[in-house]
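What follows is a single structure, written as structure tokens, with notes after it.
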Amino acid sequence: MTSFAYHLARRRRAIGAAIVAVAALSCGDNLRPATEPDAAVDASAAALCGNTTIDLDEDCDDGDQMGDNVCDGTCHFTCGDGVVDAAFAELCDTGISSGSGACPTVCDDGVGCTQDVLAGSGCLSTCVTAPITALVDGDGCCPGGATSLTDDDCAPMCGNSALESGEACDTAITVGTGVCPTTCDDGLNCTLDALALGGTCQAACGATPITAPANSDGCCPPGATSVTDNDCVPGCGDGDLDPGETCDTAIAVGPGSCPATCSDGLVCTRDVLANSGTCTAACTFPPITMPSSGDGCCPAGANNNNDSDCAPRCGNIIIEAGEECDDGNLTDTDACNNSCLLTAPPPTAFRLSDLDLRDPHVFINVVGCRDVTDTPLLGFSVNAEVQTNIQTDGGNPADGLLDLSIAAVFRPLRQSAATNPLQIHFPSCTAPLASTTCRRTPAAAAMIPATATNQSTGQCLAAIAGTTRPYTPAISNPSAPCFASNPVTVTIDVAGIPVRLTEARIGAAYVGSPAGNLVNGLLMGFISETVANATILPSNLPLVGGQPLSSLLPGGTNNCSPSSDLDINAGVRGWWFYMNFTAPRATWVDN
């Protein structure tokens, strides 16, 4: 998993709304005994907001004091009145048609390297952006560290350590193919060597023939003699091959004749005639080392992406024209075959049907310190909300897709093999859950590659000793037959909050062979305290907006829990996250 870089929920039920609701319970509640008469019946009775009866001085009464943008916590309409009411956490107002305060219907910040998502609804609508870090061709973004060789949205750029199309070299390459020359010497006496465009990615050496006689420059140019140039050998042109001569201009053919042209018949050498017309004329054939389209040569280290003279070659770990993949190996039965095509059988996909946070728990300080991980607060808990998102299409309006989808895709699944290629996706999956079909959505989130290692005995993955508290329910661990992935670094976008986990791993137990379900699934990863402190909660979350993510985690900044879930990982303070899941097999479409 190189990036759980998609929103952990496309639809966000505002935690802040629940917080505001609790706060509202203690503000002006006008509570009265059950025997107290209703104000709608007895005008002398105090109006009670939340009794489902529209009393005096009330616009509405929906039976609660949630302040839910239809009927507020004081039983008055606010959303749609044309005023952004901060007291009720409104971010906009649907009664404002345009300009400041108008509610967004679509989101686009005009920045190519952000994912723009419309979150919330009604007067809680807002645009959430998250940076794109994955390398995905055709998404219009060139993330940091990418080049035109790894992402076709990137333009070739001098100085990025990659030899790209149109470059003769790259100034950041220090050894091997692609190094830019800084000095020039072709080893020939009768040429003047010069460096052109030095310090750029077009740097190249040029050689100009010496034609004028000049004493002691080491060259005897054509037409010169020992009388006009002391570099010329006496006797040149007398028909004899004298000491110091490589040929004699008076010898017309055969041994001793001077070459007029040069060719060794090899496409990857330059044919150079040195000292033409003199008795030291000679052919040299320096090798071509730099990629250059159209010269007929494919030098070592070049490929079809930076030199059109190179044919696409399966096995060079570079995806070139006509290839779907290139894993660099000669295993014809893995996800990428020896023709660099994705292999059959088709991939096997398992879509998460539930995901529960087990450790750490989430605490908020509203009318006392509340653990809202599993225990509902006014009908809301973290795990119940995630389960609702995974299992239903609750969008407003509904779009026919389950609100949150995470899939483990094996290419292919071979449970008897030592390892399987594994990909983690955030696909689009159709509703209802029982008959869902999942489709890869690379524009929204690139797949995260990993390797799944199978086990036939023992546990495949478990919580690290000393990093958990005895919460209930306890963490479930996958036991054989099962798999676990290699550790990677991923970023999970949770309701607009980028959560960066290092050493992230996923594992589960197979049910059946071939498996029809994954059970006792465990997703784990570490977030440092430094990162959690620097991750700021969106300002539209009442009471906690603008605070660091660590404020929700026991042991974190300003968290109300009397205990601490802080862990130490290789000397770094932070939190190990542990989440359990189940994942039945799902129909999968690649495009």
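Here are the numbers for the structure shown:
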item: Filter pass, CYS325 being free of Cβ contacts under 8 Å to residues at least 60 places away in the same chain, outside the structural domain of GLU385 (by TED's automatic domain parsing) and buried (at least 16 other Cβ atoms within 10 Å of the Cβ); result: yes
item: Residue in segment 362-381 that is in contact with a Ser or Thr (Cβ under 7 Å, 6 or more places away or on another chain), under 30 Å from CYS560 (Cα atoms) and part of a helix (DSSP H, G or I) present; result: no
item: Residue identified as at pLDDT 95 or above, buried (at least 16 other Cβ atoms within 10 Å of the Cβ) and β-branched (Val, Ile, Thr) among THR491, THR441, THR467; result: THR467
item: Scope segment 233-242; condition at pLDDT below 80, at negative phi and of a type outside the set (D, E, K, R); matching residues; result: VAL233, PRO234
item: Check on ILE364, assigned by TED's automatic domain parsing to the domain that holds ASP565 and closer than 30 Å to GLN415 by Cβ; result: no
item: Segment 223-234, subset surrounded by fewer than 16 Cβ atoms within 10 Å (Cβ to Cβ) and not β-branched (Val, Ile, Thr), residue farthest from GLY244 (Cα to Cα); result: GLY223
item: Residue match in segment 188-196 (condition: within 45 Å of the chain's Cα centre (by Cα) and in a loop (DSSP other than H, G, I, E, B)); result: no
item: Where a residue in segment 150-172 is of a type in the set (A, V, I, L, M) and its partner, wherever it lies, is outside any loop (DSSP other than H, G, I, E, B) and surrounded by 15 or more Cβ atoms within 10 Å (Cβ to Cβ), with Cβ under 7 Å and at least six apart; result: ALA162/ASP170; LEU163/ASP170; ALA168/ALA204
item: Among the candidates ALA207, ALA214, ALA172, ALA155, residue that is in contact with a strand residue (DSSP E or B) (Cβ under 9 Å, 6 or more places away or on another chain), aliphatic (A, V, I, L, M) and either surrounded by fewer than 20 Cβ atoms within 10 Å (Cβ to Cβ) or in a loop (DSSP other than H, G, I, E, B) (or both); result: ALA207
item: Subset of segment 362-408 [closer than 19 Å to LEU118 by Cβ and at pLDDT below 85]; result: GLU385, GLY394, GLY395, ASN396, PRO397, ALA398
item: Search result, residues across segment 457-490 that are without any contact (Cβ under 8 Å) to a residue 60 or more places away in the chain and within 29 Å of SER416 (Cβ to Cβ); result: THR457, GLY458, GLN459, CYS460, ASN477, PRO478, SER479, ALA480, CYS482, ALA484, ASN486, PRO487
item: Residue in segment 95-112 that is over 29 Å from the mean Cα position of the chain (by Cα), of a type outside the set (Gly, Ala, Ser) and at pLDDT 85 or above present; result: yes
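One line per residue, one yes/no per condition, for (1) crowded, with 22+ Cβ neighbours inside 10 Å; (2) among the acidic types (Asp, Glu); (3) in contact with a helix residue (DSSP H, G or I) (Cβ under 8 Å, 6 or more places away or on another chain); (4) at pLDDT 90 or above:
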{"residue": "ILE536", "(1), (2), (3), (4)": "no, no, yes, no"}
{"residue": "GLN547", "(1), (2), (3), (4)": "no, no, no, no"}
{"residue": "SER551", "(1), (2), (3), (4)": "no, no, no, yes"}
{"residue": "PRO562", "(1), (2), (3), (4)": "no, no, no, yes"}
{"residue": "ASN569", "(1), (2), (3), (4)": "no, no, no, yes"}
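The values are calculated or read from the model by the stated rules, or taken from the named source; none is laboratory data. This one's a predicted model, so the numbers in the text were calculated from it and none came from an experiment. Here the Cβ is made from the backbone with ideal geometry for all residues, glycine too, and neighbour counts use every protein chain on show.
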